[in-house]
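Undergrad: Have a look at this one before I ask anything.
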Amino acid sequence: MREILGRRLQRLRLSRRGGPPALLGTALTCATEWQWPVIPGVGQARAADGRPAEDARCACPDPDCVVPGAHPYDPGLLAATTDARMVRWWWTNRPTAPVILATGGNAPCAVSLPVAAGAEALARLDRMGMRLGPVVATPTRMSLLVAPYSMETLGELLYAKDCVPASLRFHGEGGYLLLPPSEAGGGGVRWERAPLAGSARPWLPDVEAVVDALVEASSGAPGGGSRLAY
């Protein structure tokens, strides 16, 4: 037990430092300790010296990719796994590849919104005394990890709302989410609320518990929260 806890703490420390060893550490923690299926992201195009291209373009063939570097490509999302050998092989061969969580199923789902609205939503939920799970942040977006939900459950929740801002996104079955400390064309990814060190598996709230605060915060954003920023 002491050895397992030591490995978890070491991987979490690595994941906060950044760099290739941290990416492998994050991927292994997610896959083997938490049983969250992961897959390497396509990453950014690289210059001749191996550094990311100055224009931060995606390494995929689409010159107009709207989420540069931050999506699966080869292998595709269906290859996401919790197998440690496969995870080690992927990140040994591509040590700078972003870590992508395949959401839904037995893995967490997520709800994301513009970063300013996300900060407001977290403040509201904290004032309510709501217990939250991990929260991921990029320079433009904030994502709250929640317990797995079905599309039927989500549909019923949203149907009851007068308005759901277009900037609010739901990452459920068949979706994905970039995890820290990945780097993509939109900038670095970090933990706004990190998983607790030593957790057997991070606790996650139900989507019903947080969706009202997220909708209200997004609606109060500039432009009514309707602008979709990547």
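The values are calculated or read from the model by the stated rules, or taken from the named source; none is laboratory data. This one's a predicted model, so the numbers in the text were calculated from it and none came from an experiment. All Cβ positions, even for glycine, are placed from backbone atoms using ideal geometry, and neighbour counts span all protein chains on display. Just so you know, the surface numbers come from the protein's heavy atoms only, side chains and all, with ligands and any DNA or RNA stripped out. Shrake-Rupley method; radii C 1.70, N 1.55, O 1.52, S 1.80 Å.
Undergrad: Using only the Cα atoms, work out Rg/Rh for segment 49-128, with Rh taken as the Kirkwood radius, to two decimals.
TA: In segment 49-128, Rg relative to Rh is 1.05.
Undergrad: Cβ neighbours within 10 Å, averaged per peptide: list 135-147, 205-217 in order, most packed at the top.
TA: Values: 135-147: 21.4, 205-217: 19.2.
Highest mean packing first, the order is 135-147, 205-217.
Undergrad: Give the carbon-plus-sulfur fraction of the accessible surface of segment 35-151 in %, rounded to a whole number; probe 1.4 Å, heavy atoms of protein chains only.
TA: After summing per-atom areas, the C and S share lands at 55 percent.
Undergrad: Could you compute the net charge surrounding residue 82? Neighbours are other residues with a C-beta less than 13 Å from the C-beta of residue 82; K and R count +1, D and E count -1. It would help to have the intermediate numbers written out before the result.
TA: Details: positive: 85, 88, 201; negative: 33, 83.
Result for the local shell: +1.
Undergrad: While we're looking at this one, here's another question. Applying a 10 Å radius around every beta-carbon, put 149-159, 177-187, 70-80, 115-125 in order of their mean neighbour count, most first.
TA: Those peptides, ordered most packed to least, come out 177-187, 115-125, 70-80, 149-159.
Undergrad: Then there is this: Dividing the alpha-carbon Rg of segment 86-150 by 2.2 N^0.38 Å yields what?
TA: Taking the Cα Rg and dividing by 2.2 N^0.38 Å, one obtains 1.38.
Undergrad: Determine the per residue accessible area of segment 57-145 with all protein chains present and a 1.4 angstrom probe, expressed in square angstrom.
TA: 46
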